[in-house]
1. Restricting to segment 155-171, name every residue that is in a loop (DSSP other than H, G, I, E, B) and at pLDDT 75 or above.
2. For segment 54-91, what are the residues that are under 24 Å from His44 (Cα atoms), among the polar types (S, T, N, Q) and assigned to a helix (DSSP H, G or I)?
3. Quick one: would you say Val123 is closer than 22 Å to Met9 by Cα, free of Cβ contacts under 8 Å to residues at least 60 places away in the same chain and of a type in the set (A, V, I, L, M)?
4. If you scan segment 1-39, which residues turn out to be within 21 Å of Gln84 (Cβ to Cβ), over 9 Å from the mean Cα position of the chain (by Cα) and modelled with pLDDT of 75 or more?
5. Would you tally the residues in segment 41-53 being of a type in the set (Gly, Ala, Ser) and either in a loop (DSSP other than H, G, I, E, B) or under 19 Å from the mean Cα position of the chain (by Cα) (or both)?
6. Within segment 80-112, track down each residue that is surrounded by 13 or more Cβ atoms within 10 Å (Cβ to Cβ) and closer than 25 Å to Asn32 by Cβ.
Amino acid sequence: MPENIKSEMIRCRSYRGPVVAAVYLALPVSANDSAPIGTNNPAHERALKDARARLKGLFDNMEMNNKACELRLLLFTERTADRQIAAMMPTNALRNAAGLAAQTDLAAMLDADLSVSASFSEVAADPAWVRDVHAHAHSIPPSLCILPAWEAHPNLARSQVQDVTEKALAGLTLSP
């Protein structure tokens with residue numbers, strides 16, 4: 001989760017509008033664990049306490065930054081005895097939950113590895129642009145608006161990808 005927190009901070013700083021982020025935390029149990037949900041499990045309690053603290057830190061950090069997004073965080077947990085399931089996150093379920101928590105007429109569904117550019121905040125703040133997109137989305141037949149995407153070169157090291165992404169989201173020029 002620490003990597004995701006840093007990514008969410010970068011994303012939140014690149015867009016000043018409302019953002020809903022759904023976070024998943026698997027709580028592994030043994031295959032023969034028949035304890036009911038809610039039963040005290042010290043490892044789960046520590047994991048939940050740590051997750052809540054990290055998410056609160058992210059939220060507080062974004063609240064203090066008047067150029068960051070309006071963040072709404074959702075924490076979902078699941079007890080599972082299957083280590084492979086625990087390693088995967090239920091992407092569609094998280095995306096759907098975040099979509100249900102959105103409180104705007106228009107919403108963009110972005111996976112954790114996607115962000116919008118710094119200039120998108122300016123475009124999305126233009127009432128005429130929002131009215132136009134809203135009209136297209138609610139026309140007969142309705143339209144689907146898709147944000148253009150890009151990705152860093154696959155041969156870049158993880159630290160270089162992070163640097164390139166931060167610069168691109170901030171609207172900075174990248175040097176060759």
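The values are calculated or read from the model by the stated rules, or taken from the named source; none is laboratory data. Keep in mind it's a predicted model, so treat the numbers as computed, not measured. Here the Cβ is made from the backbone with ideal geometry for all residues, glycine too, and neighbour counts use every protein chain on show.
1. Within segment 155-171, Asn155, Leu156, Ala157 qualify.
2. Residues satisfying the conditions are Gln84, Thr91.
3. Here the answer is yes, as Val123 does meet what is asked.
4. Residues satisfying the conditions are Tyr24, Leu25, Ala26, Leu27, Pro28, Val29, Ser30.
5. Count: 2.
6. Thr80, Ile85, Ala86, Met89, Pro90
Listed here are the residues, each with its yes/no results for (1) assigned to a helix (DSSP H, G or I); (2) more than 14 Å from Gly17 (Cα to Cα).
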position: Ala93; (1), (2): yes, yes
position: Gly99; (1), (2): yes, yes
position: Asp105; (1), (2): no, no
position: Asp111; (1), (2): no, yes
position: Val116; (1), (2): no, no
position: Ser119; (1), (2): yes, no
position: Asp132; (1), (2): yes, yes
position: His136; (1), (2): yes, yes
